[in-house]
Amino acid sequence: MNEYGKVIEPGTIRFERLLPGPIERVWEYLTDSDKRGLWFASGKMEPWAGGKVTFSFNNADLSPDKTPPPEKYKGRGHMTTHHSITRFEPPRFLTLTWGDEKNPSEVSFELTAEGDRVRLVLTHRRLPDRSSMLNVGAGWYTHLAILSDRLNGRTPPAFWTLFSNVENYYEKNVRAEAAASGAR
């Protein structure tokens, strides 16, 4: 399975991972603050459609290797973001708003049991420009790699090292026309 996100239409990037189950375990890593904080960001989540979500990011702490962010990301080492849940159907579907309050993008997580494994499909829609596509592509790739390591009992690499390496891939492979450019 190609772990890089694929641009499936303008402004939309999709990732797929096959993770160790059961599905309820993977769902907890999406919705439980402590478990989510091991691979992405901790924070309160109101578990219903219309509920609010707060993510408190500290990417350098996602691995025992505390490599600091590159210079261009220095201000993004610790940050808090706010979102709204638009779909909440345990343990299969979670969708939430992302970013700009007036014109947010949308992130969807879909889980499907496949024997003792779980297929996670993450789709990020309505990304406004190439810069957003590059950042989101490298960010989700890195967070999902860390999730896979956590679920498989492995120690994840330093977030910022992996992010920087993957960012180069997206820089070379995401064309300018992949952005939504006015799709909002």
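Quick note: the coordinates plus some simple rules give every number you see, no bench work behind them. Everything numeric here is computed off the predicted structure, so don't read it as measured data. Here the Cβ is made from the backbone with ideal geometry for all residues, glycine too, and neighbour counts use every protein chain on show.
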Are there any helices in the chain, counted as whole DSSP H runs, that stretch 24 Å or more along their axis by Cα and score at least -0.5 on average by Kyte-Doolittle, and if so which? 130-151
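How much mean residue ellipticity at 222 nm does the chain get from its helices, if each DSSP H run of length 4 or more adds -39500 (n - 2.57) and you divide by all residues, to the nearest 500 deg cm²/dmol?
Working: 4 runs with 50 residues, N = 184.
Rounded to the nearest 500, it is -8500 deg cm²/dmol.
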May I ask which residue of His78, Pro10, Val121 lies farthest towards the positive end of the charge dipole of the chain, with charges of +1 (Lys, Arg) and -1 (Asp, Glu) on Cβ and the Cα centre as origin? Pro10
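Using DSSP to call loops (not H, G, I, E or B), can you name the trypsin sites (Lys or Arg not before Pro) in the range 1-72 whose Cβ has at most 15 other Cβ atoms within 10 angstrom? Walk me through the intermediate numbers first.
Working: sites: Lys6, Arg14, Arg17, Arg25, Lys35, Arg36, Lys44, Lys52, Lys66, Lys72; in loops: Lys44, Lys66.
Sites meeting the loop and neighbour criteria: Lys44, Lys66.
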Where labels lie 7 Å past Cα in the beta-carbon direction, separation of Tyr4 and Asp65 in nm: 2.1
Longest span of the chain, sites excluded, free of GluC sites (Glu not before Pro) in DSSP loop with at most 16 other C-beta atoms within 10 Å? 4-100
Please compute the Cα-Cα pair-distance distribution of the chain with 5 Å bins starting at 0, giving whole percents from short to long. 1, 8, 16, 21, 22, 19, 10, 2, 0
